[in-house]
Amino acid sequence: MVAAKPLHEGLFSWPTEIPNLIGSQCLDCGEYAFPKQNSCRACSGQNMTSADLGNAGNLWTWTVQSFMPKTPYHTHETQETFTPYGVGYIEMACGLKVESRLRENSPELLKIGMPMKLEIITVRTDDEGSDLLTFQFCAAEEQS
Amino acid sequence: MDVAIIGLGMHPFGRSPSMSGLEQGAAAARAALKDAGTDFKRMEFAFGGSQDSGNADSLVNLLGLTGLQFTNVANGCATGGSSLNAAYSAIKSGQYDIGLVVGFDKHDRGAFNPKPSDWGLDDWYGETGLMLTTQYFGMKIQRYMYDHNISKSTLIRVAEKAFRNGSLTPTAWRQTALSWEEIENAPMVSEPLNKYMFCSPAEGGCALVVCRADIAHKFHTQPIYLKTAVVRSRNYGSFEVFSPSQPPKVADSPTVTASQTAFELAGIGPEDIDVAQLQDTEVGAEIMHMAENGFCEHGEQEKWLADGVTEITGRLPVNTDGGCLANGEPVGASGLRQVHEVCTQLRGDGGARQVANDPKVGYTHVYGAPGISGVNILAR
């Protein structure tokens, strides 16, 4: 068994017990970005620092991906095993809205404004047998 | 120097298995030149675009190696808008007297599959399944419906209108009107948008011949004047496709800024427009673009659609040829199809779909990833 690792470094804190999303903040104008950027989309400044965006927020909008995407989509799934997934923007504490896969994948389970929390999922396994990880959000409260 | 459109040419959108994209572009160009009563040798410049069918300037191999300036334009779905804008500037500045604007494409079936690296994004974004335009369209209208009380019925009404108008348009790809039930019960693609609420990538070509307004009558008895051609990209905070994150504050879209500038330059307002084309890559886009272009207030679309304001028989007919929904979207040509249709309406040549309000001023709006809008105001 080889240790699991992020599919892409720097999107979330890892390894750690409770991972948080990592973005950047502009030291000139204060605006946040995700993923980390070297220059600011708001003021064009280049004075950026890493920012902990936390692991919780509210659902700002959503949809459901009902068919398996073509490449560059690259998971362990096949046409036969594909499971629809939710996609949404999560409004984080700093106000930034982060686009994410959602565990919930049916309209009945998704509502604008609902509290969401971060979780880490496996995208696929690499040639060495390591699980490659990414982030997604799921409902913060059990739904009845 | 004012600018006139004197030639309209189209190779019908849809599927043309025996022709390459380039050949469809050449067919459209020949049709436009014929409509203007001129030939390719007379063209002093050309602007052209194609996303998936090669370099537009390869058209000279089919149309003639005449030595003209031929510039390729690539602005996603807004390519046609940007090409016409460039031609407008070329004549407006006095550099040239007459030229060709052409767009064509031949896309594979199914949704586009863009590469993250082409859009300044890392591979994880595509590999984990976030790089789909369909998702963005679903999420944008989902939030818009929540903010402005738009119902699913309004989504259905837009699709119904598109296919009804397509059924009146001989060059349209989808020429069969669909019932409310057929649209409502179609397979879901990206909540809340289903199969009949999206346009599909397609094939086709479209071309326009443009010239100095003072020589226009030598070429065509009914020149259409291009009053303004404006293209804008997104401002910080605009909610756009392929965005891993969005700033807290939602800013006006590039459609709002392009539209306001176009009306300002033309010295008229939305109430002066008689017929319009608004980008409808899906039904939500047409709904949002009605307000973003200044034609109604946000939320007012619910009533406008219910009252038939944007029908061919209404006060402001929108997408009279069925728009992208009924014609499909060959990216390079799509923005020019809009101009082609509005010019056709202003000439009174719309046949079964001709609007009845004796239109004098028309409007086109194209929108493309990652947040570009092109607006043209046309008058006869």
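The values are calculated or read from the model by the stated rules, or taken from the named source; none is laboratory data. Nothing here was measured: the structure is a model prediction, and the numbers come from that model. Here the Cβ is made from the backbone with ideal geometry for all residues, glycine too, and neighbour counts use every protein chain on show. The accessibility values were calculated without ligands, DNA or RNA, using every heavy atom of the protein model including side chains. Shrake-Rupley method; radii C 1.70, N 1.55, O 1.52, S 1.80 Å.
Any idea which residue in the range A:111-121 is farthest from B:K249 (Cα to Cα), counting only those that are open to solvent by 10 Å² or more (accessible area, probe 1.4 Å) and in contact with a Leu (Cβ under 9 Å, 6 or more places away or on another chain)?
The extreme case among them is A:I121.
So if I check each of A:P107, A:P84, which one is within 7 Å of chain B (Cβ to nearest Cβ), open to solvent by 10 Å² or more (accessible area, probe 1.4 Å) and free of Cβ contacts under 8 Å to residues at least 60 places away in the same chain?
A:P107
Every residue, every condition in (1) open to solvent by 10 Å² or more (accessible area, probe 1.4 Å); (2) within 13 Å of the chain's Cα centre (by Cα); (3) within 22 Å of B:G25 (Cβ to Cβ), yes or no:
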| position | (1), (2), (3) |
| --- | --- |
| B:G299 | yes, no, no |
| B:T310 | no, no, no |
| B:V318 | no, yes, no |
| B:R353 | yes, no, no |
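With respect to B:Y196, is the statement that it is within 14 Å of another protein chain (Cβ to nearest Cβ) and either closer than 30 Å to B:D39 by Cβ or among the hydroxyl-bearing types (S, T, Y) (or both) true?
No, not satisfied.
Which of (1) charged (D, E, K, R); (2) away from chain A (no Cβ under 14 Å); (3) open to solvent by 20 Å² or more (accessible area, probe 1.4 Å) is the odd one out, the single condition B:E203 does not satisfy?
With (1) charged (D, E, K, R); (2) away from chain A (no Cβ under 14 Å); (3) open to solvent by 20 Å² or more (accessible area, probe 1.4 Å) applied to B:E203, the lone miss is (3).
In the range A:36-140, which strands (runs of 3 or more DSSP E) lie fully inside it and hold 2 or more residues that are within 22 Å of B:P114 (Cβ to Cβ)? Lay out the reasoning, then the answer.
On the way: elements: A:48-54, A:56-65, A:85-92, A:97-102, A:115-125, A:131-139.
Output list reads A:56-65, A:85-92, A:97-102, A:115-125, A:131-139.
How many residues are open to solvent by 30 Å² or more (accessible area, probe 1.4 Å), more than 18 Å from the chain's Cα centre (by Cα) and within 14 Å of chain A (Cβ to nearest Cβ) if we restrict to the range B:206-246?
The number of residues fulfilling the criteria is 2.
I'd like the full set of residues that are farther than 30 Å from A:D131 by Cα, out of contact with any strand residue (DSSP E or B) (no Cβ under 6 Å at 6 or more places or on another chain) and surrounded by 23 or more Cβ atoms within 10 Å (Cβ to Cβ), limited to the range B:94-133. Explain how you work it out, then say what you get.
Applying the first criterion (farther than 30 Å from A:D131 by Cα) to the range B:94-133 yields B:94-110.
Right, trim to out of contact with any strand residue (DSSP E or B) (no Cβ under 6 Å at 6 or more places or on another chain) and you get B:94-95, B:105, B:108-110.
Listed by number, the list holds a single entry, B:D105.
Checking the condition without any contact (Cβ under 8 Å) to a residue 40 or more places away in the chain, more than 14 Å from chain A (Cβ to nearest Cβ), over 30 Å from A:P6 (Cα atoms) and not basic (K, R), which residue from B:T66, B:T154, B:T169 passes? Don't jump to the end; show me each part of the working.
Working: B:T154 fails: without any contact (Cβ under 8 Å) to a residue 40 or more places away in the chain; B:T169 fails: without any contact (Cβ under 8 Å) to a residue 40 or more places away in the chain.
Exactly one of B:T66, B:T154, B:T169 is without any contact (Cβ under 8 Å) to a residue 40 or more places away in the chain, more than 14 Å from chain A (Cβ to nearest Cβ), over 30 Å from A:P6 (Cα atoms) and not basic (K, R), namely B:T66.
So which helices (runs of 4 or more DSSP H) are wholly in the range B:270-361 and hold at least 1 residues that are out of contact with any Asp or Glu (no Cβ under 7 Å at 6 or more places or on another chain) and farther than 20 Å from B:M145 by Cα?
Filter on the range B:270-361 gives B:323-327, B:331-347.
Quick one: which of B:T154, B:T169 is of a type in the set (S, T, N, Q), assigned to a loop (DSSP other than H, G, I, E, B) and modelled with pLDDT of 95 or more?
B:T169
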